[in-house]
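Notes follow once the structure below has been shown.
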Amino acid sequence: MEQTLILIKPDGVKKHLIGEIIKRFESNGLDIRAIKLVRINRSQAEGFYQVHKEQPFFEELVQFMTSGPIIACVLEGERAITRVRQIMGTTDPKKAEKGTIRNEFADSIRYNIIHGSDSKASADYEIPNFFNRLEIIGIQAG
Ligand code: CMP
């Protein structure tokens, strides 16, 4: 079993796509282990995206991610990281496969609706940015 973090970005929330996006993951058999609506501040956004801090788009990315509420969600399943990335589509919506979330709903590489962890190491770093251990609900026995 693998866990991954998704964020529905401010553009996805503004477009009322929360239900549509969550439905796609649930329909695929992924389990929600934690979920919240949250507005992050500049230092939280900078910390979350610190791997991109040298990129020319970093400042715009931070401004965008702090511009409105986002959904943070931990999804769990076999190969969850890969499955989530297939359902999202590639970062650049112009290159995203038909039927993926970014292909159908995203305006541009900057306003691309959703984020998903790209590796186990990223998921391990990203999840605690939004949830402590007690907020991630395990499968109940019995
Ligand atoms: P995300 O999966 O959240 O990870 C980093 C984000 O940076 C990415 O999605 C894009 O929204 C953004 N990004 C990546 N490349 C570019 C780019 N060339 N121009 C603007 N934004 C970018």
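The values are calculated or read from the model by the stated rules, or taken from the named source; none is laboratory data. Predicted model only: the values in this text are computed from it and were never measured. Don't worry about glycine lacking a Cβ; one is built from the backbone with ideal geometry, like all the others, and counts go over all protein chains shown. Side chains included, ligands, DNA and RNA excluded: accessible areas come from the protein's heavy atoms. Shrake-Rupley method; radii C 1.70, N 1.55, O 1.52, S 1.80 Å.
Descriptive notes on the structure:
- Tail weight of P(r) past 14 Å, computed on alpha-carbon pairs of the stretch 63-137, percent: 65
- For residue 39 and residue 132, the difference between the fully extended length at 0.36 nm per residue and the C-alpha to C-alpha distance is 31.8 nm.
- Per-peptide average of other Cβ atoms within 10 Å, ordering 96-104, 81-89 highest first: 81-89, 96-104
- Mean-position separation - Cα centroids, the stretch 1-20 and the stretch 21-58, in angstrom: 8
- Accessible area expressed per residue, the stretch 47-142, with surrounding protein chains retained (probe 1.4 Å, Å²): 58
- Mean Cα-pair separation over length for the stretch 2-131, i.e. relative contact order, pairs under 8 Å, 6 or more apart, %: 38
- The accessible surface of the stretch 10-142, taken with every protein chain in place and a 1.4 Å probe, is 52 percent carbon and sulfur.
- The mean of 1/r over all distinct Cα pairs in the chain, once inverted, gives the Kirkwood hydrodynamic radius of 15.3 Å.
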